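Reviewing the structure listed below.
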Amino acid sequence: MASTDPKRAERVYGARISKENGYDADSYTYYPVAIIGAGESGIAMGCRLKEKFGFDQFRLFDRQSGIGGTWWINRYPGVACDIPAAFYSFSFALNKKWSALYPPGPEIVKYLQGVCEKYEIVDKIQLNTDVTSCRWNDSEGVWELTTHELVKGVGDLSSYDRVAMIKNQGEDSVFVRSEKIRAKVLISAVGGLVEPNRMPETIPGVEDFQGPIFHSARWRYDVDLKDKDIIVVGTGCSAAQFVPQLTTTYGAKSVTQLMRSPPWVFPKQMPPFGLGDEEWAEWSPWLNTYIPGFAKFQRLLIASLAEYNWRWFGDSKYAENERAKLEVALLQYMKSRVPEKYHEILSPKYGVCCKRLVIDGGWFKSLHDEKVVLSTLPLTHIHKDRVTLGDRNVAADVIILANGFETLDWLHPLEVIGRSGKKLDEVFSERGGPQLYMGSAMDGFPNFFAIFGPNTVTGHSSVVLATENMVNYAMKMIEPILKGDAHYVEVKKEAEMAWTADIQKSLKKRVWSTGGCKSWYQGEDGWNSTTYPYSQVWFSLLCMFPKYRDWNYKYTTKGFAKTLAKRILRIIALAGIATGLYFARQAGSNFSWKEGVAVARLARRQLLNKLGESLKVQKIPKKTKERMVGVSLCTTYKNVTLFMQRHGLRSCAKASFPLTPNHRTETALWTGPHDMRTIRSTGGSLSRYSNGIFMKSLCCKFALGPLLRRHITTIQSNIADVPIGDFQAKAFVPQTPILIQRPETDDSAKIAAEAGIPAIDRWFKSIETRVGDDVVFFQEEYLKPFVSTMLPYELVTPVFNSQNGQDVLSKFISENTSPWSGCLPTNDLSIKELLRECALADIYDASERDGSRLTEADTTSASGANLDGPLTERQVELLRRHAQLFQKFHSFHAPLELIITASRQQSGSAQFGLPGLYIAQAQMVDLPQQLRDDLPTPELVSKAGKGDVYDANIWIGTPPTFTPLHKDPNPNLFVQLSSSKKVRVFEPRQGQAIFAAVRRKIGASPTAAFRGEEMMQGRERVELKEAVWNHANSDGHEVTVRPGDALFIPKGWWHSIKSEGDGLNASANWWFR
């Protein structure tokens, strides 16, 4: 059943995090995706959402006080990975610096935290938060979550201990506050090894024991174990790691380890190439780092060997023989490592692989210690300072439980309530036991996915590989929801039940059922809700290629249109192929598949041509002085005729052109004294060529306005929200420019936050609190600690006041006696000398226009102009017109304080103290750390390509600032920080032609150039500016970038940039590959 008001759901529950209803009692926070659990499963989900979709509108909740899940909470002595770490790390974030083949737990926690930092999801994780209930709201189409903020550290306790704490000390000892959350998609990444088993209630006397009793998963380092008699309950993987530490590291007086049944113990795998542990620790990082592909090859090799071991788990004769050979080898290993008195009790009476295998990291060796005793006697009673084992008493000061976890209560203690109001565990009970389709989904629970749910454990492979498979599968399922194409997705009931029936049937044939053991994999009723009965390779393939027929999607209007369009296109394609084959057969011709494709394309064109008969007109209102009052379109099979009439004009524009599959025409439309408009026909699809008219996809749209140059493709989004895949497809891969334009807002703090660039708000301020209104200054208080930072500057001298022609640079130096004033260049020409040169240039231009010769009297007149008093308007105009020909370019280094001072307005003037001063290409790596943190690398830079950032720079100047036409050696992401800049971008051939023409004009070599000093001054600067920014030049693309906007400029694309307005102007850019 769908939401009762899907349009409202689309409107309210979008793709952005939001806070709804303010201070009301029913207020809530909305997250498009809520992930419960910050262990390896939750981390993988968050990272992949950002990596694949560029999507960061999610939240991870975890009741524990740290990141890492089971690796965070399991801190017992000797805790370590029991499979090679290269196979226990994410494929998308390989760790090349593991210190050992089986690294210790703290190193794994550090790795997981490092992955979160690398993918920048640390701020998406909310710790000390317990999600207790999740209920599907069918009328709203969202999940409603009840969360409780916990007292720090309380979440590290088991749920049993928290309940006891509330009972004894009250709710305030556990809970801080509660909050309501809503989410479109709910991901459970709570894992399976969560709640530790308690001491069996059938053993009397627990309450009489005076010493501490704790589980290894909640290790108490506050308990002194020195000279203590310790009882260890269990011989599983955890006990095998911490028992050897108790006597050697912690000085226990005695250790009695209780074993119910012996485990099959594997020898610890040795490093490759015959290296020892120490040699591997030394050489492994080097091999992984400096030998290309070694880390991936090592992981693949370990995965392949693990998958080969799947042969031990089947029911075939071959599998039985392989297990028999393995059992012989393991028994021989055991007998060679432990005292003879333990040979009998350590010989399992069940088949190998029936239970989880234990890796011997020193446990067998510890059994030679006289202080360690291994016993199979049952624990029958607990006393004040001792325990009874069978018929004898053993001294006990501390009891450590290593008896596993509550593995059969999936998702416990989380309560998940579906569409019908039924809890998930109730559905489990009704259907025979815990189960989920693909270990992830259940019918009646829309938009809900479990990562590492029931029947996903493999006894031979890596849990991380299984996790990645399920993460990738869930992402495929929820992608339409994240893109706004679907309200919800839900697995079909018949698919879920068929999946479970197959799983349980196949499990009966695997060693977990036929091996003759009793394990935590299955319950008392024989229902196995833990293991997966097939190979991990097969599960990987199922996750790669989902059976979409097993799912129901409720599409949005947009999603339905997309789906329908895809179906129609398939039909058209098939019809085209069939038509082509039919005509070819009629002609009796034999042709290759390439020719067949060509025929199909022609058939498609013919179909589109036919559709041209039903072209319709759409009017587009424009904010222009003259509005369109009439547009008509006449179409025949071969021609389209357009008629336009303007309000207040009797003139009418008419154009007619053919509409054929292979013929292209360009038709000029003239409307009296107004600008020309051009349209292009490409066989049934019309598009705007340069201005005015826009016709696309068999739809004709008209808009009036001045002659415009072509504009760059625009994405309406914040930089941080652009999906990596979209950016790659639209810009990075095809190497075409694209403008990322933020939503309209005047709030600089919001712009900075949504762009993910704090510098926008921290470095700059506006006196009218409006961004981009050209009244922007430095946040001097914030930047005060960094004023001595040395930066590269550029300045073109002489600097004069554009209003009255006064020498601004000399005035600025004389008024500021700080040491940094000595860094500034001096004027190469005085204003008087500059004016004479400008006057001569003006006379020369006039003679060129009139065809007359420049006389000696003309030059004398120019040099003898009256320059003693204030400059006249004519003289100031001469400076503005010709000064750039004679100004000199200077580059120098000075502290940040220089531009801060220069950006202060002159008293009684709107002009800055020193206009035209430019911090150009200052490398971010040279900035203080705090300022670098204000300019984090956008994900588009770090993830769209190879992640190789060639250079990152800031550009800050007092207006006017200008960069002549040039090209860059690498792709460039240009981000505006304050005020606005106008950019003109040219394709490589266009830009090269313009540049070469200018160089020939000035008598220089027409070779390509990057941004260099030769183009920053003199005639080349003037000619480049004129060639690019002349209004008559309609080539290239033009955009205006505002604070928070970003412009991608591909490698080799030519561009010129100039500031707009009178405000402090700043940008940042990243060259990357």
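The values are calculated or read from the model by the stated rules, or taken from the named source; none is laboratory data. Everything quoted here is computed from the prediction, not taken from an experiment. Here the Cβ positions follow ideal geometry from the backbone for every residue, glycine too, while neighbour counts run over all protein chains shown.
The table below lists the values:
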{"quantity": "Residue count, region 812-832 (criterion: in a helix (DSSP H, G or I), touching a Leu at 6+ places or on another chain (Cβ under 9 Å) and not aliphatic (A, V, I, L, M))", "calculated": "5"}
{"quantity": "Options Gly54, Gly46, Gly114; residue that is in contact with a Pro (Cβ under 6 Å, 6 or more places away or on another chain) and under 30 Å from Ala729 (Cβ atoms)", "calculated": "Gly54"}
{"quantity": "Of all residues making up region 240-265, the number that are within 29 Å of Ala86 (Cα to Cα) and touching a Phe, Trp or Tyr at 6+ places or on another chain (Cβ under 8 Å)", "calculated": "6"}
{"quantity": "Which listed residue, of Arg260, Arg198, is out of contact with any strand residue (DSSP E or B) (no Cβ under 8 Å at 6 or more places or on another chain) and under 24 Å from Ser529 (Cα atoms)", "calculated": "Arg260"}
{"quantity": "Single residue of Trp264, Trp310, Trp280 found to be in contact (Cβ under 8 Å) with a residue 40 or more places away in the chain, within 18 Å of Trp512 (Cβ to Cβ) and touching a Leu at 6+ places or on another chain (Cβ under 9 Å)", "calculated": "Trp264"}
{"quantity": "Residues of region 482-492 that turn out to be surrounded by 18 or more Cβ atoms within 10 Å (Cβ to Cβ) and not in a helix (DSSP H, G or I), as a count", "calculated": "7"}
{"quantity": "Selection count, region 408-425, where residues are under 10 Å from Cys134 (Cα atoms) and of a type in the set (D, E, K, R)", "calculated": "2"}
{"quantity": "Yes/no for Phe209 being out of contact with any Ser or Thr (no Cβ under 8 Å at 6 or more places or on another chain), crowded, with 19+ Cβ neighbours inside 10 Å and either more than 22 Å from Gly105 (Cβ to Cβ) or free of Cβ contacts under 8 Å to residues at least 12 places away in the same chain (or both)", "calculated": "yes"}
{"quantity": "Failed criterion for Thr235 (all others in (1) crowded, with 19+ Cβ neighbours inside 10 Å; (2) within 20 Å of Val358 (Cβ to Cβ); (3) not assigned by TED's automatic domain parsing to the domain that holds Tyr333 hold)", "calculated": "(3)"}
{"quantity": "Check on Thr557, loosely packed, with under 15 Cβ neighbours inside 10 Å, modelled with pLDDT under 90 and of a type in the set (Val, Ile, Thr)", "calculated": "yes"}
{"quantity": "Any hit, region 71-82, residues being surrounded by fewer than 16 Cβ atoms within 10 Å (Cβ to Cβ) and farther than 27 Å from Pro413 by Cβ", "calculated": "no"}
{"quantity": "Residues being in a helix (DSSP H, G or I), under 18 Å from Val358 (Cα atoms) and under 44 Å from the mean Cα position of the chain (by Cα) - total across region 308-341", "calculated": "3"}
{"quantity": "Only listed residue being modelled with pLDDT of 80 or more, aliphatic (A, V, I, L, M) and more than 25 Å from Phe1072 (Cα to Cα), chosen from Ile994, Ile1002", "calculated": "Ile994"}
{"quantity": "Residue under evaluation Lys124, criteria (1) under 29 Å from Val941 (Cα atoms); (2) out of contact with any strand residue (DSSP E or B) (no Cβ under 8 Å at 6 or more places or on another chain); (3) modelled with pLDDT of 90 or more, criterion not met", "calculated": "(2)"}
{"quantity": "Residue check, Ile1049 out of contact with any helix residue (DSSP H, G or I) (no Cβ under 7 Å at 6 or more places or on another chain), of a type in the set (A, V, I, L, M), within 21 Å of Gln887 (Cβ to Cβ) and at pLDDT 90 or above", "calculated": "no"}
{"quantity": "Matching option when the condition is at pLDDT 90 or above and either under 22 Å from Asn953 (Cβ atoms) or not hydrophobic (A, V, I, L, M, F, W, C) (or both), among Pro785, Pro798", "calculated": "Pro785"}
{"quantity": "Residues within region 792-816 that are crowded, with 19+ Cβ neighbours inside 10 Å and either under 18 Å from Ala1066 (Cα atoms) or hydrophobic (A, V, I, L, M, F, W, C) (or both), tallied", "calculated": "9"}
{"quantity": "Single match in Leu411, Leu389, Leu401 (criterion: on the phi > 0 side of the Ramachandran plot and of a type outside the set (Asp, Glu))", "calculated": "Leu411"}
{"quantity": "Options Ala501, Ala495; residue that is in a helix (DSSP H, G or I), surrounded by fewer than 21 Cβ atoms within 10 Å (Cβ to Cβ), modelled with pLDDT of 90 or more and touching an Asp or Glu at 6+ places or on another chain (Cβ under 6 Å)", "calculated": "Ala495"}
{"quantity": "Near pairs, Cβ below 9 angstrom, 6+ apart or cross-chain, from region 962-974 (at pLDDT below 85) to any residue that is in a strand (DSSP E or B)", "calculated": "Pro969/Tyr950; Pro969/Phe1010; Pro969/Trp1071"}
{"quantity": "Among residues of region 152-182, those that are part of a loop (DSSP other than H, G, I, E, B), without any contact (Cβ under 8 Å) to a residue 60 or more places away in the chain and loosely packed, with under 15 Cβ neighbours inside 10 Å, counted", "calculated": "1"}
{"quantity": "Qualifying residue in region 729-751 (condition: in a loop (DSSP other than H, G, I, E, B), at pLDDT 90 or above, crowded, with 17+ Cβ neighbours inside 10 Å and aliphatic (A, V, I, L, M))", "calculated": "no"}
{"quantity": "Positions within region 404-450 being within 20 Å of Ile481 (Cβ to Cβ) and among the charged types (D, E, K, R), in sequence order", "calculated": "Arg419, Asp443"}
{"quantity": "Unique residue being among the hydroxyl-bearing types (Ser, Thr, Tyr) and touching a Ser or Thr at 6+ places or on another chain (Cβ under 6 Å) when the list is Thr937, Thr958", "calculated": "Thr958"}
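Okay, residues lined up against (1) without any contact (Cβ under 8 Å) to a residue 40 or more places away in the chain; (2) part of a strand (DSSP E or B); (3) under 22 Å from Arg220 (Cα atoms); (4) assigned by TED's automatic domain parsing to the domain that holds Val190:
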position	(1), (2), (3), (4)
Lys365	no, no, no, no
Val373	no, yes, no, no
Leu377	no, no, no, no
His381	no, yes, no, no
Val387	no, yes, yes, no
Leu411	no, no, no, yes
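Okay, residues lined up against (1) at pLDDT below 90; (2) in a helix (DSSP H, G or I):
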site	(1), (2)
Pro480	no, yes
Lys518	yes, no
Thr563	yes, yes
Ala573	yes, yes
